[in-house]
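One structure is given below, encoded as structure tokens.
Where a number appears in this text, it was derived from the coordinates with a stated rule and is not lab data. All of these numbers come straight from a predicted model, not from anything done at the bench. Note that each Cβ is placed from the backbone with ideal geometry, even for glycine, and that neighbours are counted across all protein chains shown.
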Amino acid sequence: MNAETNRPPALGFASDNIAGASPEVAQALVNHSTGQAGAYGSDELSLQVKLKLSEIFERDVEVLLVPTGTAANSLCLSAMTPPWGNIYCHPSSHINNDECGAPEFFSGAKLITIDGPSARLDVERLRDRSREKVGDVHTTQPACVSITQATEVGSLYNLDEIGAIGEVCKANALGYHMDGSRFANALVSLGCTPAQMTWKAGVDALSFGATKNGALAAEAIVLFNPALASELNIRRKRSGHLLSKMRFLSAQMDAYLSDDLWLRNARQANDAARRLASGLAGLKGVEVQGETEANILFCKLDSAIIQALLKAGFGFYHDRWGANIVRFVTSFATTSEDVDHLLKHVRQVVSTLHA
């Protein structure tokens with residue numbers, strides 16, 4: 001039994017999407033579920049969320065709430081590129097691999113992948129590609145860049161890297177989008193301010209994630225370039241993502257941003273991942289891969305360990321990134337007891353294998 005939550009240890013480490021919601025977020029929905037409120041974002045809560053995000057980012061921002069990260073990414077990109085535009089991203093990015101072509105569907109544009117280490121765009125390759133065939137009527141044209149922070153493998157762009165990409169965007173008149181589905185995890189790991197990680201480095205639009213970090217279903221499009229706001233408002237409505245009872249998204253986001261809940265949740269998830277990485281390090285048949293910078297951990301495990309964990313009911317992805325490669329993801333709800341329970345099972349298998 002988990003002493004922190006009075007429940008059995010959680011066995012799911014497949015994704016932070018499998019976690020529930022923070023009690024504060026769930027309670028906010030209950031608190032705002034009765035009475036009347038303005039529709040389509042005209043309610044007081046929606047205005048309050050805009051003011052909170054403006055304070056967090058140290059400048060006036062435009063905010064559009066949507067229920068999914070795919071909607072946030074696709075709408076941002078659709079307003080930043082014409083149908084004949086190129087959207088530059090990493091091959092491992094969520095917009096390239098996991099959104100069923102939604103960015104192309106919403107924008108009509110073309111995704112151009114540019115590789116780099118640890119799922120991060122290589123800035124020199126980006127600089128070269130963004131200058132290719134500019135003005136050539138026979139080919140699509142450079143339009144914008146999208147980076148993921150934290151990346152799909154849990155790595156982070158440091159501030160210099162974000163700024164260097166921003167300089168390329170500025171020099172070549174490219175829009176700059178950040179997919180921040182795990183924005184809070186990256187922020188607390190880098191120890192910087194939200195402003196430093198976004199608009200001060202040249203970012204025009206941010207998909208500010210909350211669902212993976214304690215909300216039920218709420219994401220915010222945060223615009224640092226106000227020129228995008230008018231078109232994005234229309235595109236949000238046309239795509240079916242303007243909720244009439246917007247207060248139910250705003251209630252989630254307001255609670256998420258209150259009393260630093262979003263930062264506390266991210267620290268909990270990151271700390272759990274580091275605890276897991278530390279516990280796995282040095283065990284026979286276990287090879288931790290790369291640094292644990294956010295709440296995602298990759299490692300290589302003996303087949304016997306993988307099968308034993310699966311038999312015990314643990315949930316995680318394996319062999320998707322290569323033979324015996326396992327991905328563990330922790331969340332705001334992952335406790336030290338949950339991590340220690342997983343480590344106990346791994347050690348038992350290792351002890352049996354190497355007795």
### Task
Mind listing just one residue for me: the one in the range 9-66 that is among the hydroxyl-bearing types (Ser, Thr, Tyr) and surrounded by 21 or more Cβ atoms within 10 Å (Cβ to Cβ) and, of those, nearest to residue 320 (Cα to Cα)?
22
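I'd like to check which helices (runs of 4 or more DSSP H) are fully inside the range 242-355 and have at least 1 residues that are touching a residue at least 12 places away in the same chain (Cβ under 8 Å), of a type in the set (A, V, I, L, M) and over 19 Å from residue 211 (Cβ atoms). Don't jump to the end; show me each part of the working.
Values: elements: 247-257, 261-280, 303-311, 336-353.
The helices (runs of 4 or more DSSP H) meeting that bar are 261-280, 303-311, 336-353.
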### Query
Within the range 188-229, which residues are among the small types (Gly, Ala, Ser) and within 20 Å of residue 159 (Cβ to Cβ)?
189, 191, 195, 201, 202, 205, 207, 209
### Task
Would you tally the residues in the range 169-186 being surrounded by 24 or more Cβ atoms within 10 Å (Cβ to Cβ) and either assigned to a helix (DSSP H, G or I) or not acidic (Asp, Glu) (or both)?
11
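From the list 62, 58, pick out the single residue that is touching a Pro at 6+ places or on another chain (Cβ under 6 Å) and either acidic (Asp, Glu) or farther than 20 Å from residue 213 by Cβ (or both). Can you show your working first?
On the way: 58 fails: touching a Pro at 6+ places or on another chain (Cβ under 6 Å).
Going through 62, 58 in turn, the sole match is 62.
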### Task
Output the number of residues of the range 110-164 satisfying the condition of being surrounded by 15 or more Cβ atoms within 10 Å (Cβ to Cβ), hydrophobic (A, V, I, L, M, F, W, C) and not in a helix (DSSP H, G or I).
11
### Query
On the given criteria, is residue 81 of a type in the set (Ser, Thr, Tyr), surrounded by fewer than 19 Cβ atoms within 10 Å (Cβ to Cβ) and either in contact (Cβ under 8 Å) with a residue 24 or more places away in the chain or in contact with a strand residue (DSSP E or B) (Cβ under 7 Å, 6 or more places away or on another chain) (or both)?
no
